[in-house]
Amino acid sequence: MKNKKLWIALAVVVVVGLYVLTAYNGLVGKNENVGNQWAQVETQYQRRFDLIPNLVESVKGIFDQEQVVFNNLAEARTRYSGATTVSEKAAAATEVESALGRLLVIVENYPQLRSVEAVQNLMVQLEGTENRVSVERKRYNDAVRTLNVAVKRFPTNLIAGMFGFSEQNYFEVAEGTENAPQVEF
């Protein structure tokens, strides 16, 4: 009888141990996936940032009077480079998008700019990059959702709490970015 209770207790400990191990490893994998997806977002941001100076220089060569837009874009890129957290980078990326939107309005309003081949090629590349950024942001938010659900569900939430796993922030668009930028000439 005593031996049977010992085996039952041992079996319970093994089952609980296996569950903790499995839950922990699952949380590690989900957490790493969030980090990987954010790296993909940053890769697309870098591609965007590499293209922007070329577009700016192409447009600048034709229109020097739009200096404010160029300066805003450069400042926003600098803020992104100096950002250290996901939230700071997301806010800075939104500033870049706003400044880039104003630059694109300038290009749209000047037919002679649209006809310059270098500007056309850069616009196509930027459009493709913006699509990639959107896709990677969605994938990042999907990975965050998966992790956050795991961190909140019982009994995995107990394991998450014991090992320091916590919810991650979604990438959210800043207020006011749903409005198209206004540029007046």
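What follows is calculated from the coordinates using simple rules that are stated; it is not laboratory data. Keep in mind it's a predicted model, so treat the numbers as computed, not measured. Glycine also receives a Cβ, built like all others from the backbone with ideal geometry; neighbour counts cover every protein chain displayed.
Before moving on, here are some points about what is shown:
- Over every Cα atom in region 13-163, the radius of gyration and the widest Cα-Cα span, Dmax, amount to 21.3, 75 Å.
- Electrostatic bookkeeping for residue 169 treats Lys and Arg as +1 and Asp and Glu as -1; over the other residues with beta carbon under 13 Å from its beta carbon, the sum is 0.
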